[in-house]
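Just below is one structure, and these are the notes that go with it.
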Amino acid sequence: MAMNKQSLHTLVGAATLLVAAFVVFISHQGGPRETTSGYPIVGRFASIDGIGVGTKVLLTGIEIGKVAGYTYDLEGQRAIVTFTIEDDIKIPLDSVALIVSDGLLGAKYIKIQPGGELEMMQSGDEFEYVQDAIAFEEILEKVILNAEQQRSKDKEKDGDKPQPNQASVETPGSASTARTTLTGSVKIR
């Protein structure tokens with residue numbers, strides 16, 4: 001019986017290793033792939049946080065392509081992002097490429113807002129109008145700093161006024177009137 005139990009443990013261990021190897025194999029096969037069919041168009045962004053090769057490109061909520069690659073322009077200090085767009089999709093020349101996120105903490109993607117131009121983008125064309133990625137952390141930092149500044153201003157304004165649960169009592173002094181602040185609660189019966 002001890003032999004059967006040991007054989008069972010060996011079999012379960014071997015099956016676990018096979019499943020783990022299969023999962024690793026599948027996960028490496030499912031990575032982003034470059035779209036081979038389609039035409040390239042380019043956008044220049046100051047910030048592409050969260051965007052990488054394989055990121056979706058959407059037009060009216062429908063995936064029409066992917067990010068094929070990106071490089072850095074030393075002269076212009078911008079990221080040059082190349083998108084591969086499906087051949088049968090035509091994008092007006094005055095369209096806007098925006099980097100947006102799917103919800104508050106969702107993945108980022110490229111959203112194309114179509115323009116009204118009758119002339120369409122061709123292979124190798126560049127977006128004239130783009131909107132950079134907005135980092136959630138930067139917005140949160142600005143909100144916190146703004147709140148702290150407002151709080152400091154409020155403290156400065158209220159510095160001369162008595163706070164709640166405080167009362168001011170003036171007592172006569174020899175040469176001038178002194179002001180004393182009492183803190184606490186008062187019960188009246």
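Coordinate-derived values only; no laboratory data. Just so it is clear, the model here is predicted, and its values are computed rather than measured. Neighbour counts run over all protein chains shown; Cβ positions are idealised from the backbone, glycine included.
Points to keep in mind about this one:
- Taking 7 Å steps out from each Cα toward its Cβ at GLN6 and ARG151 produces label points 6.6 nm apart.
- Cβ-Cβ FRET estimate between LEU118 and VAL53, R0 fixed at 41 Å, reported to 0.05: 0.80
- Net length available on complete extension from ASP132 to ILE62 is 23.1 nm, with 0.36 nm assigned per residue and the Cα-Cα distance removed.
- Per residue convex hull volume, Cα atoms of segment 39-137, in Å³: 94 Å³
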